[in-house]
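Worksheet: one structure, shown below.
The values are calculated or read from the model by the stated rules, or taken from the named source; none is laboratory data. Just so it is clear, the model here is predicted, and its values are computed rather than measured. Please note: Cβ atoms are built from the backbone with ideal geometry, for glycine as well, and neighbour counts cover all protein chains shown.
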């Protein structure tokens, strides 16, 4: 796909069904319509999500095109809108840009107490460097925190994890939740 024009981009399709994305992009490619696929929250998360071990966290992607071809693109993708599971909306309008993005919270599994509120990119660092103990859950020891620091993880994230683990040589189970 070529570089997108300078005109404003318009969302023409949004889905959490990974089987629909290739169909939508093939339809646009077939008509020569330039597009971008991006995660609903951040532009680079989709490629990262596809490289990770699946979790229970839904991945919603959207397709955006230049405003001057949006109507044509929507016409091409209208049949895919009806492919969503029964009861689920096939097309979800773009989120209100003034609305707050979902918050990712780290919490101590045993106590349920919050450890920190982290960004999507900080969560990506955790999931890239650590293996899940259970879905959305990691076991942290002082050595784990040091490994994250040595790997170049965000300093704020490392500090929050270091504080939660403290000197507990046995470690602590930490889970992340999107609110």
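Could you check, for the range 142-150, whether at least one of its residues is closer than 29 Å to residue 60 by Cβ and in contact (Cβ under 8 Å) with a residue 24 or more places away in the chain? If you could, list the steps in order and put the result at the bottom.
The first filter runs over the range 142-150 and keeps only residues closer than 29 Å to residue 60 by Cβ, leaving 148.
Narrowing further to those that are in contact (Cβ under 8 Å) with a residue 24 or more places away in the chain: none.
No, every residue in the range 142-150 fails to be closer than 29 Å to residue 60 by Cβ and in contact (Cβ under 8 Å) with a residue 24 or more places away in the chain.
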**Request:** Mind counting the residues in the range 1-22 that are more than 26 Å from residue 124 (Cα to Cα), loosely packed, with under 15 Cβ neighbours inside 10 Å and at pLDDT 70 or above?
**Result:** 1
**Message:** Looking only at the range 28-50, count every residue that is crowded, with 17+ Cβ neighbours inside 10 Å, modelled with pLDDT of 75 or more and either assigned to a loop (DSSP other than H, G, I, E, B) or over 20 Å from the mean Cα position of the chain (by Cα) (or both) and tell me the total.
**Reply:** 2
